[in-house]
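The values are calculated or read from the model by the stated rules, or taken from the named source; none is laboratory data. Keep in mind that this is a model prediction, so the values were computed, not measured. Quick reminder, even Gly has a Cβ in these numbers, built from the backbone with ideal geometry, and neighbours come from all protein chains shown. Accessible surface areas use protein heavy atoms only, side chains included; no ligands, DNA or RNA. Shrake-Rupley method; radii C 1.70, N 1.55, O 1.52, S 1.80 Å.
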Amino acid sequence: MAHPKRRQSKTRTLKRRTHDKAVAPTLAVCSNCGELYVYHTVCPSCGYYRGKVAIVKEVAE
């Protein structure tokens with residue numbers, strides 16, 4: 001098995017980890033209802049995707 005000959009410094013470890021971060025998903029505005037939704041997904045409030053009905057949502061009474 002590989003075994004490190006020397007300990008990695010904190011600076012070197014942190015340099016490697018600079019790209020390991022959480023990224024917020026890109027949001028878009030629905031053209032039908034104006035709600036925010038994640039790109040490339042069906043709008044959760046109205047069921048539209050790219051200007052067409054993808055899922056028929058029933059109105060709660």
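Pop the C-beta distance of His3 and Tyr49 into the FRET formula with R0 = 30 Å and round what comes out to the nearest 0.05.
Details: r = 53 Å, r/R0 = 1.76.
For His3 and Tyr49, the calculated efficiency is 0.05.
Can you give the extra length, in nm with one decimal, that the chain gains between Lys57 and Thr18 once fully stretched, where that is 0.36 nm per residue apart less the Cα-Cα distance?
Working: separation 39, 0.36 × 39 = 14.04 nm, distance 4.27 nm.
Gain on stretching Lys57 to Thr18: 9.8 nm.
May I ask you to give the percent of accessible area on the chain that is carbon plus sulfur, with a probe radius of 1.4 Å? Mind showing how you got there, number by number?
Working: 3370 of 6200 Å².
Answer for the chain: carbon and sulfur cover 54 percent of the accessible area.
Tally Lys/Arg at +1 and Asp/Glu at -1 over every other residue whose Cβ is under 14 Å from the Cβ of Gly47; what's the total? Let's see the in-between values first.
On the way: positive: Arg50, Lys52, Lys57; negative: Glu35, Glu58.
Around Gly47, the surrounding residues sum to +1.
Which of the cysteines found in the chain have nothing to pair with, since no other Cys Cβ lies under 4.7 Å from theirs?
So far as the 4.7 Å Cβ criterion goes, no cysteine stands without a partner in the chain.
Tell me which label goes with the value of percent of Cα pairs over 15 Å apart computed from the coordinates here: [x] 58; [y] 72; [z] 66.
Identified label for the calculated read-out: [z].
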